[in-house]
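Structure first, commentary second.
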Amino acid sequence: MELTIPFQRNASAHKAAAEVRNLDWLRSHDMLRGPQATELYARWGVPDLAARSFPEASSEDLVLATDLFGFYFLFDDQFDGELGLHPTEVTRICEPLIGIVHGDLEGAKASPVAASFADLWERSTRGMSSRWRSRAAYHWEWYFATHPSEALGRARAAEAERAGRDQELPDRASYLTLRRGTGGTETVIDMIERFAAEVPAVAFHSPQLRLMRQLAADIPSFSNDVRSYRKEAARGDAFNLVVILQHQRQCRVEEASAAVLAETQWMIDEYARLAVEVPELCVRLGLSGPQRRAVELYAAGLAAWVGGYLDWESHTLRYRPEGELPVDQPNHLEQLLDRRW
């Protein structure tokens with residue numbers, strides 16, 4: 001099943017420059033070591049994701065977006081191996097990062113990854129209002145704080161396998177509660193305002209924009225569950241909607257995947273319907289010209305993020321065998337990168 005994406009899609013002209021600076025930034029923070037790690041990372045096309053997701057960003061802002069996406073992927077992959085089976089260790093890693101967004105800069109000394117995140121946080125929040133910073137801090141806290149819970153789920157799955165028991169799968173509500181945290185999409189969406197203009201509170205919290213934001217956060221996660229099914233199912237990761245539906249319906253993976261993609265398409269169509277209402281919303285709320293422009297840029301940014309991510313996901317090698325480590329190399333990226341947690 002192919003998704004129909006009704007959004008205009010563009011890519012930034014600053015991608016090549018951002019790619020060079022992103023590699024320099026990763027190496028400077030000890031996050032990429034050696035040609036093998038760099039080659040593997042290049043297969044994912046992270047600068048392409050940033051360029052498609054934020055096509056109107058300035059050159060400097062696109063560098064920041066590219067660094068952010070690189071951080072997400074490299075950080076997330078740390079927990080695909082043995083480390084991801086130990087919730088206590090994951091908590092130890094994530095707590096200093098949570099502290100950074102609340103002003104505890106001592107946490108930046110905990111590890112190279114903490115130092116890199118402290119740099120990202122400072123660059124992301126520069127010049128932003130206290131209201132935006134508070135919201136962004138909450139979303140980053142949510143992102144980091146859900147990783148130990150994800151590790152707990154993996155640990156329980158491993159324990160069940162060792163004991164010869166069937167794994168207990170989460171229901172849809174439990175899945176969404178965790179997935180909306182570990183997906184990190186809320187932190188990405190915050191950057192739309194960072195790169196354009198902050199949305200006035202009365203519009204930001206309107207039902208239309210709140211629903212549009214939720215759809216823009218969920219669409220990539222649902223689509224990604226289909227793309228990453230093979231990798232996640234193999235390691236017993238239960239927080240995948242395809243896995244959950246396959247168990248609930250006792251059906252083949254193809255049927256469960258089609259059902260997830262059908263729901264993804266419905267969300268895309270619902271976003272397009274709500275977007276049509278934005279101009280009237282601005283008028284009825286009595287927004288000024290600059291406020292209206294901020295809302296329009298926000299709605300366009302949400303659409304660019306969704307369309308850009310889905311375009312990138314359809315051709316990146318990150319979720320294909322070619323994007324994985326060769327069989328004669330270490331099994332997990334954490335070993336190859338030797339991040340020295």
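If packing is taken as the average count of other Cβ atoms within 10 Å, what order do 163-174, 58-69 fall into, highest mean first? Before the final figure, lay out the partial values.
Numbers: 163-174: 11.2, 58-69: 21.7.
So the order, starting with the most tightly packed, is 58-69, 163-174.
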* Structure fact -> A correct Karplus calculation of ³J(HN,Hα) over the stretch 142-157, with 6.51 cos²θ - 1.76 cosθ + 1.60, θ = phi - 60°, whole Hz and x for Gly and Pro, returns 4, 4, 5, 6, 7, 5, x, 5, 5, 5, 4, x, 5, 5, 5, 5
* What translational D, rounded to a whole number of µm²/s, comes out for the stretch 191-241 from Stokes-Einstein when the hydrodynamic radius is the Kirkwood one over Cα pairs, at 4 °C and 1.567 mPa s? -> 98 µm²/s
* Indicate the gyration tensor shape class of the stretch 263-309 (rounded, prolate or oblate), computed on the Cα atoms with a ≥ b ≥ c the square roots of the eigenvalues: a/c under 1.5 is rounded; otherwise a/b larger than b/c is prolate and the rest oblate. => oblate
* Asked: How large, in percent, is the carbon and sulfur part of the accessible surface of the chain at a probe radius of 1.4 Å?
  -> 52 percent
* Working from the alpha-carbon coordinates of the stretch 1-146, get Rg over Rh, Rh being the Kirkwood radius. => 0.98
* To do: List the pair-distance distribution P(r) of the stretch 35-84, using every Cα-Cα distance, as the percent of pairs falling in each 10 Å bin from 0 up to the bin containing the longest distance, rounded to whole percents.
  => 24, 45, 25, 5
* Structure fact -> Projected onto their principal axes, the Cα atoms of the stretch 111-268 stretch, largest extent first, over whole-Å spans of 54, 41, 21
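When all alpha-carbon pairs of the chain are counted, what percent fall beyond 33 Å? Show your work: numbers first, answer last.
Values: 14939 of 57970 pairs.
The answer is 26 percent, as a whole percent.
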* the stretch 8-68, accessible area per residue, ligands and nucleic acids excluded (1.4 Å, Å²) -> 44 Å²
* Asked: Say each of Thr177 and Asn10 gets a label point 7 Å from the Cα, pointing the same way as Cα to Cβ; how far apart are those two points in nm?
  -> 4.2 nm
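The values are calculated or read from the model by the stated rules, or taken from the named source; none is laboratory data. These figures come from a predicted structure and were not determined experimentally. Cβ atoms come from the backbone with ideal geometry, glycine included; neighbour counts cover every protein chain shown. Just so you know, the surface numbers come from the protein's heavy atoms only, side chains and all, with ligands and any DNA or RNA stripped out. Shrake-Rupley method; radii C 1.70, N 1.55, O 1.52, S 1.80 Å.
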